[in-house]
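Step one of this worksheet: look at the structure below.
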Amino acid sequence: MAEPLPTSTGDYTPRQADLVSVVIPCYNHAQFLAQAVESVLPQSYSNFEIIVVDDGSTDGTAEVVRSYSPMHYVYQENAGRSAARNTGLRHGRGKFLVFLDADDRLLPHALEAGVGCMREHPECAFVSGHCRVIDSNGAILPSPRQRCVKREHYLELLRRGSYIWCPAVALFRRKVFDFVHGFDPTLGAGEDYDLYLRVTKDFPVYSYDRVIAEYRQHRFNTSRDVTVMQRAALAVHRAQWDFVKANSRYREAYDAGTRFWQNDYPFQQMVSRIREVVREQLPSDAIVAVATGGHSQLLCLDGRRASHFPLAEQSSVGELFAQGAEGSMTTPPWIDAGMTYEFSLYRSTERLNLLARVLVRGVADPSPVAGAESVPQRPAREDGVLLTAIPNPVPAGEEPGVTNITWSTGDGSEGQLYVSGVGIYAGRDPADSEEAWRSLESVKANGAQYLVIPARSFWWLNHYRQFRERVEDRYPAIVREENTCIIFDLRGSP
């Protein structure tokens, strides 16, 4: 462990506020650069400087910068993202640094949160928060839960990759770069992961769970090339071997990390790409069956009704949520962003007389209606039957959301309320092509309009050749993307 970093004493006040250098490297991201800059200007922490490093752009980046004043603009011949960040590091004057990629955005409290956290943890080389994911237009997207690591940050980085989703969520103490010497310019990808490993290996850091930035996903992201990212991450990971090999706990974490980068990471990236393809190609109200292999994260499709394929028998009914002639009950916190849940009210215990049904959608946007149109709450029918959910859509950003379900059978008779989200996975792949076909007919009977076959699926095994041929012959494929998925339209013919 290196010597503790020098720290200042005394409380921060507006007159003593330390300067924060916000470094924005930009290579042909002029279409996003203005949003990045404008996300810094209204910061609640006002003592900052902006340094835009133009890494040899040819798309009008310089013109965007000229429209803002004051602004520190540095041009260099194209040398890569690491070199551009290091250039910004050299030109910055701040005690603290934030590296904001030109396609990302800070939230208005980002610098205040980072500096405040650093004040509480002055021994740390950097502090990091969380981000939310947005698309190219700035709409908030559903995303997996982010880890908040409270201790042993180096081990966690070794074991499961980076818990820091984008550089903008980290605020660095400038002094640490006297020891780690910036980003490695020889790395074309994974350079931020490399830096986090080198810092946490020798210095304490701190992680907090406040959302302070927006990480943009678009078709020009480096991370979209899974093969390149995986190769780079494994190279960075292997570079730690000489340091970890003498420590059994480090070796254990290192081995787990190797498995993560070789197996889990490609799967996670496939899941993210499938969501993007579905978002682009299928209607927002589509009903989708997915060959999940039991992986429920494949069912988070921006609110589209999705279910496992194959389903367990009778799983379409759902689970009993409540019963009684009438009542009001708040759901547990299990409504996830991007998921749709179906609540069905039946009279009696036989589930033969369906009285009402309501679909409840989880959205990533913290505003209840920003992620989707708010579902109008219908009054009781003339026969007195009532089934409502408030709120709907349900905000489910960093944590799962809740909603209140109110129901009445209208005549005082016993009622049962069932909830169905994704159905229940059958627990295994179909035994053969005939069983796979029967399972497909079953999900169609339950309303499925599309079938998503991920790249990692039983579909590709020779054992199911007849099933593949039958599906290909019967239904048109509307998406074929190697290493991602095939999507069939179950409503039409080839």
Let me check I have the definition right: for the stretch 186-299, take the eigenvalues of the Cα gyration tensor, multiply each by 5, take square roots. What are those semi-axes in whole Å, largest first? 32, 17, 15
Helix axis angle, 248-259 relative to the chain longest principal axis, alpha carbon, degrees: 60 degrees
How long are the semi-axes of the ellipsoid equivalent to the stretch 53-136, from square roots of 5 times the Cα gyration tensor eigenvalues, in whole Å, largest first? 26, 16, 13
Averaged per residue, what accessible area in Å² does the stretch 182-307 show with a 1.4 Å probe, protein chains only? 43 Å²
Three-way shape call for the stretch 129-212 based on the alpha-carbon gyration tensor, with the a/c threshold at 1.5: prolate
Centroid-to-centroid separation of the stretch 161-216 and the stretch 123-154 [C-alpha atoms, Å]: 12 Å
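Would you calculate, for the chain, the mean residue ellipticity at 222 nm contributed by helices, counting each DSSP H stretch of 4 or more residues as -39,500 (n - 2.57) and dividing by all residues, to the nearest 500?
Taking each H run of at least 4 residues, the total per residue is -8000 deg cm²/dmol.
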Fully extended contour minus Cα-Cα distance, from Arg428 to Ala17, at 0.36 nm per residue: 142.0 nm
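Under a 1.4 Å probe, what is the accessible area of the stretch 107-159 per residue, stated in Å²?
38 Å²
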Divide, for the chain, the radius of gyration over alpha carbons by 2.2 N^0.38 Å, where N is the residue count. 1.11
Beta carbons within 10 angstrom, averaged per residue: use that to sort the peptides 26-37, 72-83, highest first. 26-37, 72-83
Using amide H atoms built in the peptide plane, which far-off residues or other-chain residues are under 5 Å from Gln449 H to H? Ile287, Val288, Ala289
Longest principal axis of the chain (C-alpha) makes with the long axis of helix 265-281 (C-alpha) an angle, in degrees to the nearest 10, of 60 degrees
Write down the radius of gyration of the stretch 57-198 and its Dmax, each obtained from C-alpha positions, in Å. 15.9, 45
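Calculated FRET efficiency, His91 and Thr330, Cβ-Cβ r, R0 51 Å, to nearest 0.05? All intermediate terms of the calculation are to be shown ahead of the outcome.
Numbers: r = 53 Å, r/R0 = 1.04.
E(calc), rounded to 0.05, equals 0.45.
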Angle between the Cα long axis of helix 191-202 and the longest principal axis of the chain, 0 to 90 degrees, nearest 10? 70 degrees
Taking H as built 1.01 Å from N, whose amide H comes closer than 5 Å to the amide H of Arg210, not counting residues under 5 places away? His130
Which ³J(HN,Hα) values in Hz, rounded to whole numbers, follow from the phi angles of the stretch 401-412 under the Karplus curve 6.51 cos²θ - 1.76 cosθ + 1.60, where θ = phi - 60° and Gly and Pro get x? x, 9, 9, 9, 9, 10, 9, 7, 7, x, 10, x
Net charge contributed by nearby residues that have their C-beta within less than 11 Å of Val149 (K/R +1, D/E -1): +2
Just need log10 I(q)/I(0) for the stretch 441-494 at q = 0.16, 0.24, 0.29 Å⁻¹, Debye formula, equal scatterers on the alpha-carbon atoms, no solvent, rounded to two decimals. -0.46, -1.04, -1.31
If r is the Cβ-Cβ distance from Asp411 to Thr258 and R0 is 60 Å, what FRET efficiency results, to the nearest 0.05? 0.45
Under the Karplus curve 6.51 cos²θ - 1.76 cosθ + 1.60, θ = phi - 60°, whole-Hz ³J(HN,Hα) for the stretch 284-293, x wherever Gly or Pro sits: 5, 9, 5, 10, 10, 9, 10, 6, 7, x
Run the accessible area of the chain with a 1.4 Å probe and give the carbon-and-sulfur part as a rounded percent. 47 percent
Determine the sum of side-chain charges near Trp334: Lys and Arg each +1, Asp and Glu each -1, restricted to other residues whose C-beta is under 12 angstrom from that of Trp334. -3
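The values are calculated or read from the model by the stated rules, or taken from the named source; none is laboratory data. Being a predicted model, the structure only gives us computed values, none of them experimental. Heads up, the Cβs are rebuilt from the backbone with ideal geometry, glycines too, and the neighbour counts pull from every protein chain shown. In case anyone asks, the SASA skips ligands and DNA or RNA and just uses the protein heavy atoms, side chains included. Shrake-Rupley method; radii C 1.70, N 1.55, O 1.52, S 1.80 Å.
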